[in-house]
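K.L.:
Below is a structure I'd like to ask you about.
The values are calculated or read from the model by the stated rules, or taken from the named source; none is laboratory data. All figures in this text were calculated on a predicted structure; none of them were measured in a lab. Glycine gets a Cβ as well: all are built from the backbone with ideal geometry, and neighbour counts include every protein chain shown. All accessible areas refer to the heavy atoms of the entire protein, side chains included, with ligands and DNA or RNA removed. Shrake-Rupley method; radii C 1.70, N 1.55, O 1.52, S 1.80 Å.
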Amino acid sequence: MKLALGSLLYYWSRETTLAFYAMMESAPVDIVYLGETVCSRRHELRLSDWLGIAARLRAAGKEVVLSTQVLIESGSDVAVLHKIAGNTNFQVEANDMGAVHYLSSQASQASQSPQSSKQPFVLGAHLNIYNLPTLQMLASLGAQRWVMPLEMGRDDLALIQRERPANLQTEVFVFGRMPLAFSARCFTARHRNVPKDDCQFSCIDYPDGLLMRTREDESFLILNGTQTQSARVHLLLKELEDMCTLGVDVVRVSPQANHTLDILHIFDAILKGRYSAAQAQQAISPYLLDKACNGYWYGQPGLDQR
């Protein structure tokens with residue numbers, strides 16, 4: 001199985017982001033997803049900056065994928081989507097059906113032109129693909145890989161894997177706070193009692209999101225601008241062997257503000273047989289932002305841990 005680093009879900013300063021991806025050039029990761037998927041108001045890096053990072057990562061031997069925004073809200077968002085999907089240098093992860101439509105039309109035009117080749121793309125987890133007919137239809141549009149929805153369990157994945165389309169890879173999210181939902185409202189701005197259109201870029205003060213607690217003072221959710229995440233950290237380590245048996249091709253780690261490189265080394269070690277699952281679990285524990293959970297994989301509530 002290959003190891004992937006998901007797109008950055010938080011809003012970091014330009015200097016921090018550039019330094020982070022410079023570090024990733026030598027990280028033990030095969031695939032790196034890049035781009036702003038959460039909020040178009042986050043302007044520390046522009047598309048040209050992401051393309052520059054992509055070029056450097058490719059030169060370092062990484063496969064690079066440009067991710068599109070999940071929630072498209074304006075004409076300018078559509079214009080950026082078209083620029084990303086229309087690039088011919090890097091593969092694209094489609095995170096909404098508008099991106100799928102544009103990419104599939106581009107692939108169709110490319111296949112009809114003798115001078116160009118069909119550009120494959122990745123089906124992001126937020127497309128919520130839960131059954132085989134949907135996956136087969138999207139694969140026919142030019143998809144090369146799909147990312148399993150976070151709420152899908154192991155048994156449902158096994159059913160799809162038995163008859164998944166030929167030459168379509170499967171990717172599973174195995175580490176990080178789970179991106180659960182998106183909204184037109186910015187929750188971080190609302191927390192500070194400022195309007196979304198004048199949010200003062202509040203997200204940048206929370207490099208791992210803003211923690212919400214219950215009245216019983218237990219960690220509940222993370223506010224990340226327009227995105228809501230789980231407070232607990234989705235962690236599938238001991239499940240990697242089973243994933244290999246199921247034919248999973250790629251496993252994804254989500255970036256966090258600190259220790260991402262250490263976490264990637266741990267996953268690399270277990271994938272290459274240098275760590276047992278127990279050793280990896282012990283090694284990764286100090287780097288978790290909250291309690292671990294894996295309930296969805298077992299068909300249970302997501303916050304459960306087995």
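K.L.:
Ordered by packing density, taken as the mean number of other Cβ atoms within 10 Å over each peptide's residues, highest first, how do 12-20, 124-132, 257-265, 190-198 rank?
P.N.:
124-132, 257-265, 12-20, 190-198
K.L.:
In terms of solvent-accessible area of protein heavy atoms at a 1.4 angstrom probe, what is the ranking of Glu151, Glu36, highest value first?
P.N.:
My answer, sorted largest first, is Glu151, Glu36.
K.L.:
Based on a Kirkwood Rh over C-alpha pairs, give the Stokes-Einstein translational diffusion coefficient of the stretch 23-91 at 37 °C and viscosity 0.692 mPa s in µm²/s.
P.N.:
D, rounded to a whole number, is 260 µm²/s.
K.L.:
Right, another one. Quick one: plug the Kirkwood hydrodynamic radius of the stretch 166-306 (C-alpha pairs) into Stokes-Einstein at 25 °C, 0.890 mPa s, and report D in µm²/s.
P.N.:
Once the numbers are plugged in, D ends up at 148 µm²/s.
K.L.:
Using a 1.4 angstrom probe on heavy atoms only, work out the carbon and sulfur share of the accessible area of the stretch 137-255 in %.
P.N.:
For the stretch 137-255, the apolar C and S fraction of the accessible surface comes to 47 percent.
K.L.:
What do the square roots of 5 times the Cα gyration tensor eigenvalues come to for the stretch 14-140, in whole Å, largest first, as semi-axes of the equivalent ellipsoid?
P.N.:
24, 18, 15
K.L.:
Right, next: Report the extension gain between Arg162 and Ser76 in nm, rounded to one decimal, defined as 0.36 nm multiplied by the number of residues separating them, less their alpha carbon distance.
P.N.:
Length gained between Arg162 and Ser76: 26.9 nm.
K.L.:
Based on the Cα gyration tensor of the stretch 136-189, what are the three equivalent ellipsoid semi-axes, each the root of five times an eigenvalue, rounded to whole Å and given largest first?
P.N.:
In descending order, the three semi-axes are 27, 15, 9 Å.
K.L.:
Taking the Cα centre as origin and putting +1 on Lys and Arg beta-carbons and -1 on Asp and Glu beta-carbons, what dipole magnitude results for the chain, to the nearest 20 debye?
P.N.:
The calculated dipole for the chain is roughly 260 debye.
K.L.:
Now for a separate question. P(r) for the chain: what percent of alpha-carbon pairs falls in each 10 Å bin, starting at zero?
P.N.:
6, 27, 37, 24, 6, 0, 0
K.L.:
List, in order, the whole-Hz ³J(HN,Hα) value for each residue of the stretch 132-139 obtained from phi through the Karplus relation with A = 6.51, B = -1.76, C = 1.60 and θ = phi - 60°; use x for Gly and Pro.
P.N.:
5, x, 5, 5, 5, 5, 5, 5
K.L.:
Go through 273-286, 226-239 and give me the packing order, highest mean Cβ count within 10 Å leading.
P.N.:
Most protected by this proxy first, the peptides run 226-239, 273-286.
K.L.:
Tell me the mean residue ellipticity at 222 nm calculated for the chain from its helices only (DSSP H runs of n ≥ 4, each -39500 (n - 2.57), averaged over every residue, nearest 500).
P.N.:
So the calculated ellipticity at 222 nm is -9500 deg cm²/dmol.
K.L.:
Could you order the peptides 217-223, 28-34 from most to least packed, using the average number of other C-beta atoms within 10 Å per residue?
P.N.:
The densest-packed peptide leads the list: 28-34, 217-223.
K.L.:
Could you give the length gained by full extension between Leu141 and Ala60, i.e. 0.36 nm per residue of separation minus their alpha carbon distance, to one decimal place?
P.N.:
Gain on extension, Leu141 to Ala60, equals 26.1 nm.
K.L.:
Filter Lys196/Lys238; Lys62/Lys196; Lys2/Lys196; Lys83/Lys196; Lys83/Lys238 down to the pairs with a C-alpha to C-alpha distance above 32 Å, please.
P.N.:
From the list (Lys196/Lys238; Lys62/Lys196; Lys2/Lys196; Lys83/Lys196; Lys83/Lys238), the Cα-Cα distance tops 32 Å for Lys196/Lys238; Lys62/Lys196; Lys2/Lys196; Lys83/Lys238.
K.L.:
At 1.4 Å probe size, with every protein chain present, just tell me what the per residue accessible area of the chain comes to in Å².
P.N.:
Normalised by residue count, the accessible surface of the chain is 45 Å².
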